[in-house]
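**Q** A single structure is presented below for examination.
The values are calculated or read from the model by the stated rules, or taken from the named source; none is laboratory data. Keep in mind the model is a prediction, meaning the values are calculated, not measured. Backbone-built Cβ (ideal geometry, glycine too); neighbour counts: all protein chains shown.
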Amino acid sequence: MSRKPVIAGNWKMNKTVAEAKAFFNEFLSQIDVDDPEVVVCPTYTSIAAAVECTKGTNVGIGAQNIYFEDGGAYTGEVTADMIKEAGCEYVIIGHSERRQYFAETDEGVNKKTIKALEKGLVPIVCVGETLEEREDDNTFDVIKTQVEKAMKDVNEPKKVIIAYEPVWAIGTGKTATDEQANEVCEYIRKLLVEIFDKDIADCMRILYGGSVNAGNVKKLMSMSDIDGALVGGASLKADFVTLVNYKK
């Protein structure tokens, strides 16, 4: 089964509008491949500028979060309609930092995933274990719970992208070995076979995230069940293009 690879950048709480424009001005001039699918998820305030900068290119723009309601008294939250109107095609859901710092739950991740699909967005659903959970040999149990709850009642699973991000490797400089990363991504695909079926699971793309950089992206992308990367810190500089051009 051929799955189009995805290289996605998560800027987190970084870059002003001016900085975003400067980034794209340099970054876009250096992309010289049509494959993989490229996604950048800037701050909310930079989304409009990012969409404008990337018009006519193969770079899609996503948001870093949405709320699962369509509107109401939810101070500080943003709806799926709002980010779609701003030009987003993708949205990151359930990132470990949202879970850790903002009490995001598996149930909330599920509601946001369903809402994103309902509104025509591509959800990038994050799952991953902490260092303590890995050291206690609970990695697969944690992943099973997160994936099963995230995918509950999802009726367009082929559109969902799942990102395996071991919490202990995010921003730490530590990276799971190629084999460790692929082992979990392979397990996620087996879970998807159980939840849906093999044909659907074979179509769904699974990314690895956690200190991905120009030095390790090729090996990670050569693994059987890794279909792309969700990149944090290394996506903040224009040399993010070296990850996008990893096939060269």
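**Q** With within 16 Å of the chain's Cα centre (by Cα), surrounded by 13 or more Cβ atoms within 10 Å (Cβ to Cβ), touching a residue at least 24 places away in the same chain (Cβ under 8 Å) and in a loop (DSSP other than H, G, I, E, B) as the only criterion, which of 7, 61, 66, 92 stands out?
**A** None of the others qualify; the one that does is 66.
**Q** Hey, any hits in the stretch 152-159 for a residue that's crowded, with 16+ Cβ neighbours inside 10 Å and β-branched (Val, Ile, Thr)?
**A** Yes, that holds for at least one residue.
**Q** Scan the stretch 197-218 for residues that are touching a helix residue (DSSP H, G or I) at 6+ places or on another chain (Cβ under 6 Å), modelled with pLDDT of 95 or more and either of a type outside the set (A, V, I, L, M) or part of a strand (DSSP E or B) (or both) and report the count.
**A** So the answer is 3.
**Q** Here's a follow-up. Consider residue 148 carefully, then state whether it is among the charged types (D, E, K, R) and closer than 28 Å to residue 108 by Cβ.
**A** Yes; evaluated as a whole, the condition is true for this residue.
**Q** Any residue at all in the stretch 40-48 that is buried (at least 18 other Cβ atoms within 10 Å of the Cβ), within 19 Å of the chain's Cα centre (by Cα) and of a type in the set (S, T, N, Q)?
**A** So far as the stretch 40-48 goes, yes, one or more of its residues are buried (at least 18 other Cβ atoms within 10 Å of the Cβ), within 19 Å of the chain's Cα centre (by Cα) and of a type in the set (S, T, N, Q).
**Q** Pick from 75, 113, 145: which is closer than 26 Å to residue 42 by Cβ, assigned to a helix (DSSP H, G or I), β-branched (Val, Ile, Thr) and modelled with pLDDT of 95 or more?
**A** Of 75, 113, 145, the one residue that is closer than 26 Å to residue 42 by Cβ, assigned to a helix (DSSP H, G or I), β-branched (Val, Ile, Thr) and modelled with pLDDT of 95 or more is 113.
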